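Note sheet for the following structure.
No lab work stands behind these numbers, since they all come straight from the coordinates. Keep in mind that what you see is a predicted model, and the values were worked out from it rather than measured. No Cβ is skipped: glycine too gets one built from the backbone with ideal geometry, and neighbour counts run over all protein chains shown.
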Amino acid sequence: MSISPSVGQKVMPYSRPSAARPEPEPEIVEPSSAFPQDFAASLQDLSTQRATIGCIIPAYNEEESIADVLRGLLEQSRVPDVIHLVVNNSNDKTVAIASEFAGPHEITTELGEQFTEVFVHDIGKNPDKKVGALNYGFALVEGYDFLLGVDGDTVADRRAVEFLETEITSDTRIGGISAIYSIDDNPFKGFARFLITGQRSQFAAFNLHNLLRGRNMAVLGGQFSIFSTKALRDVMRENHQSTPWVKDSEVEDSLLSLQIKSAGYLTKISPYARADVGGMTTLRGLDAQQVKWNYGAIELMWPGQRGDTKGQPFHPNLRVRWLEQFSMLVNLFVRVGFVTLLAGSLSINAFIFSPLWLIPIAMSVALNLRMALSMKNRDRHDVLFAGLIVPAELYMWIRIAHFLRSWTRFLSRTKVDNWAMQAKAERGAGIGHWTPLFLAIGIVAAIVVAWHLIPIELQSGILAVGWPVLGVITVIQTLSMFMRLLRRQHGFKV
């Protein structure tokens, strides 16, 4: 066993000539019409292509998951040539547990004899947090052909590295490829399982959207993605950066993905490589994570944010972000409008039920069910979440709260360290996630008082205008859902 030297010392892995390997006969999984059999042929040629892969794992208090992460990497069919675990700002047992894996490893898989070495680096207090850990790791592996970034709570399927390497070595235009992300929901029960199931559905929708857009990945998530180190060096040169990752964004992976795309490279999502990431099991933690992600996305879209980092509202990788924000705005308007108009109509006995209002609900359920059935590792919880209406609707209201919190924080120009806020939430501190509920109660109370103060003629006039406007928007939204329901999925599984 060995642990790497202290901070600042560069560690170069031991290397030796690779042993002859038998010709692999990999199992080809679910080729789709959008991803032809060429992939199978490239797998057969893997033995003649021996690129080098350096893996870096930034870790912050990951004692519960780090053993599974390292074990998962060492059990890959294609093992990274070196693995550097960079522990930062941690006060738990991450280093001690990871040290059990430190040192050289000789591994034999169906691809032949392989060698790797695991190094554990504890860089202590690091003001740049995850960005600092990533850049520290990059300095250790920049001489390799590819950099594999893995989060400290992400466990990949056994052939994930093999699939990622095969595709990125087959096309020099590719700057980075992300795995398909999901969350293992088996360990959870009760309300935590509900939140995890909602996040699984959210991941599935995002992954499928990117797969159907020519497999162009808007965000090369740091959870499990492989990067061309040449592309990273080009990004550094074109943006006058000394490191690939910079702290000018709350979402460092989104910013780097934009820069890779702007440098002329492709950012892709693999249809085969899969990884389970860590999910949020409390409202407090989910709120902090989602607000950080949304806030960072808004900053990237909005011009002139974060000092010298320009917003790029028309960047190709941000189109999916704009679509997400607009979709959330429509969902907010439709739901709040329906509840408000319904309450107003009932208060003056003017509500007339129409079965036409069941059509959007049925369309939403059908779309959610189709999404659930497109999940490769779905279970009954995913199907029930989609089909029972209430769970998916409740989770949508939670997402709307995150949407409002993100935009409110951004428009208020309040400078907040969202990384610190997320760390605080994951420790079980803070009550900010209840803010939307408190505001909603206050707004509802004000509307009720105001409604009863205006004459009934004005009330009738508001309802006469409000219902048709809401109806038109709902019809457009329903048609959009219907078009998505008809869209071919080309055999992709998320």
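For R215, neighbours were defined as the other residues whose beta-carbon sits under 10 Å from its Cβ, and their charges (Lys and Arg +1, Asp and Glu -1) total +1. Each peptide in 151-162, 125-136 gets a packing score, the mean of other Cβ atoms within 10 Å over its residues, and the list from highest to lowest is 151-162, 125-136. Residue order for L140, L439, fewest other beta carbons within 10 angstrom first, comes to L439, L140. Our Cα-only numbers for the stretch 318-486 put the radius of gyration and Dmax at 18.9, 56 Å.
Computed over neighbours whose Cβ is under 12 Å from that of E393, the net charge equals +2, Lys and Arg +1, Asp and Glu -1.
Taking amide H positions as modeled 1.01 Å from N, with prolines and chain starts lacking one, the residues under 5 Å from L220 and 5 or more places away or on another chain are S257. Placing unit charges on the Cβ atoms of the charged side chains and taking the dipole of the chain about its Cα centre, the candidate lying farthest along the positive direction among I196, L358, W467 is W467. Ranked by how many other Cβ atoms sit within 10 Å of their own Cβ, fewest first, the residues I398, I473, I352, I196 fall in the order I352, I473, I398, I196. What the phi angles of the stretch 68-77 give under the Karplus curve with 6.51, -1.76 and 1.60, with θ = phi - 60°, is a coupling list of 5, 5, 5, 4, x, 5, 6, 9, 5, 5 Hz, glycine and proline written as x.
Specify the inter-centroid distance of the stretch 56-113 and the stretch 347-378, based on alpha-carbon positions, in whole Å. Centre-to-centre distance over Cα atoms comes out at 45 Å. The distance between label points at N186 and T52 comes to 3.7 nm (points 7 Å beyond Cα on the Cα→Cβ vector).
Using C-alpha pairs below 8 Å separated by at least 6 residues, the relative contact order for the chain is 15 percent.
With both labels modelled 7 Å from their Cα along Cα-to-Cβ, the A450 to L329 distance reads 2.0 nm. The H on the amide N of Q114, modeled in the peptide plane, is under 5 Å from the matching H of I107, T108, T109, each at least 5 residues off or on a different chain. Across the stretch 453-465, computed HN-Hα scalar couplings (Karplus, 6.51 cos²θ - 1.76 cosθ + 1.60, θ = phi - 60°) run 8, 8, x, 5, 4, 5, 4, 5, x, 4, 5, 5, 8 Hz from first to last residue, x flagging Gly and Pro. Reported to the nearest whole Å, the Cα centre-to-centre distance from the stretch 427-494 to the stretch 387-405 is 11.
Antiparallel beta bridges, as assigned by DSSP with both residues in the chain, represent about 45 percent of the total such bridges. Using the Cβ-Cβ distance between N349 and W302 with R0 set to 56 Å, the FRET efficiency works out to roughly 0.75. Amide H to amide H distances under 5 Å link I180 with S270, A273, R274, A275, where only residues 5 or more positions off or on other chains count and H is placed in the peptide plane.
Taking other C-beta atoms within 10 Å as the exposure proxy, L211, L346, L463 rank L346, L463, L211 from fewest upward.
What shape does the stretch 38-281 have by the C-alpha gyration tensor, where a ≥ b ≥ c are the square roots of the eigenvalues, rounded means a/c under 1.5, and otherwise prolate means a/b greater than b/c and oblate the rest? Note, shape of the stretch 38-281 comes out rounded. Counting Lys and Arg as +1 and Asp and Glu as -1 over every other residue whose Cβ lies under 14 Å from the Cβ of N186, the net charge comes to -1. Remark: the chain carries a charge dipole of roughly 1600 debye about the Cα centre, counting +1 on each Lys and Arg Cβ and -1 on each Asp and Glu Cβ. Note on the stretch 246-299: with charges restricted to the Cβ of Lys and Arg (+1) and Asp and Glu (-1), its dipole about the Cα centre is near 180 debye.
For the stretch 378-383, putting each phi into the Karplus relation 6.51 cos²θ - 1.76 cosθ + 1.60 with θ = phi - 60° gives couplings of 5, 9, 5, 5, 5, 5 Hz, in residue order, rounded to whole numbers and with x for Gly and Pro. The candidate values are (i) 21, 41, 25, 11, 1; (ii) 21, 53, 21, 4, 0; (iii) 24, 54, 21, 1; the one derived from this structure for P(r) over Cα pairs in 20 Å bins from 0, in percent carries the label (ii).
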